[in-house]
1. Checking the a/c ratio against 1.5 first, then a/b against b/c, what shape does the Cα gyration tensor give for the range 176-232?
2. What is the range 191-261 by shape, rounded, prolate or oblate, if you read a ≥ b ≥ c off the alpha carbon gyration tensor as root eigenvalues and call it rounded for a/c under 1.5, prolate for a/b larger than b/c, and oblate otherwise?
3. Compute the projected area of the convex hull of the Cα atoms of the range 236-349, averaged over all viewing directions, and report it in nm² to one decimal place.
4. Would you mind ranking Asp284, Asp76, Asp320 by Cβ crowding within 10 Å, fewest neighbours first?
5. Using Cα pairs closer than 8 Å and at least 6 residues apart in sequence, work out the relative contact order for the range 236-349, in percent.
6. Ranked by Cβ crowding within 10 angstrom, fewest neighbours first, how are Ser237, Ser139 ordered?
7. Grab the other residues whose beta carbon is less than 14 angstrom from that of Ser245, score K and R as +1, D and E as -1, and report the net.
8. DSSP loop GluC sites (Glu not before Pro) in the range 217-254 with at most 13 other Cβ atoms within 10 Å of their Cβ, which ones?
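Every read-out reported here was derived from the displayed coordinates using simple, explicitly stated rules and does not represent laboratory data. Everything numeric here is computed off the predicted structure, so don't read it as measured data. Glycine also receives a Cβ, built like all others from the backbone with ideal geometry; neighbour counts cover every protein chain displayed.
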Amino acid sequence: MRWSWKLGTFAGIGVYLHATFLILIAWLVLLEWNQGHRGGAVFSGVLFILALFACVVLHEFGHALTAKRFGIPTRDITLLPIGGISRMERIPDDPHQELWVAIAGPAVSIAIAAALFAFLLATGVQSPFKRIATWTGASFVEQLMFANIVLAIFNLLPAFPMDGGRIFRAALARYMDYSRATQVAATVGQGMAFVFGALGLLGNPFLLFIALFVWIGATQESAVVQMKVALVGIPVSEVTVTEFSSLSPSDPLNRAVELMLHGTQQDFPVLENDRLVGILARKDLLDGLSRGGPNVLVSAIMRQDYPIISAREMLQAAVDKVQQSDCRVLPVMDKGKLLGLFTLENLGEFLLVRSALTGKTNKQRYTARHHLPPAAA
């Protein structure tokens, strides 16, 4: 994710801090300062936020390590002001696996709260939950314990993109198909977003932010699953761009500029004696022009490490390869020869055409079923 700084790699998973996280720290410092608190209180508040987000990282690793057990790697974990985001290679298609992956995060938060509770009892603290009611009278450990409980409960709400939404979908998928289960879970999530928004208008602006977050998450999840359903059973050859321009390794970048400015193509396969030897991406072309000028050879900046898509692969597998790579365009090969190019833009056009044709077919069926003349339909 852009504007993120890497904190380190743990269990093979990179952990990043997004720049907007600093806004949360700055807001907290300003809030404490305006309330008349000084150095000690401000430091304590910042330390609490850092400790809480360390717990959030453990929460996300609960998801990631459970997904790893099912053969699903996690690309990275990014800390945002709203919490953590784990980018997995894919969401488990098996409802049983999705249930375990989704519930692992809240389980870690509950385990942390239980460990802190045990620590409080071991150190002689009596009735820590009663002290939480005043918050300011509670100790650092008591506040952190309560925050983890709230984190677990919030994430168990049955709304995307929280864990509870995925748990709810996994439960529904036992009784209906995956697409329908997603639509139901997304609808419930949007309903909860509406409730959060209404409560936010009554005086809590933070609930408005949560409402927007939940609404967008539910809508995106539904759209992603609908696209997956639309791609089932369709080979890559159906959407391969077979009319394209290519470059030679000995061509100067100026040749690529001419092709880009006089056409719609922005990424180019590089061929040598009809053999694919590289890909010149638009981003690399612009970087090459800014660093070396138009006379730099294509061979100097072309990419030689990129996934290959077979013409016989299914579309969903091709989409996964594009999303996992750093290339917007990937070559489609058939028997060792370049058949064409696969782009998400062309896939989008294919889905729009397919949707229009499906709508027309459904309209014709409705007309025939009700014996309506075409004009009346």
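1. Prolate.
2. Oblate shape, in that a/c is at least 1.5 and b/c is the bigger or equal ratio.
3. Computed as one quarter of the Cα hull surface, the answer is 6.8 nm².
4. Arranged by neighbour count, lowest to highest, Asp284, Asp76, Asp320 become Asp320, Asp76, Asp284.
5. It comes to 32 percent, rounded to a whole number.
6. By the 10 Å Cβ count, ascending, the order reads Ser139, Ser237.
7. Neighbourhood net charge equals -2.
8. Glu243
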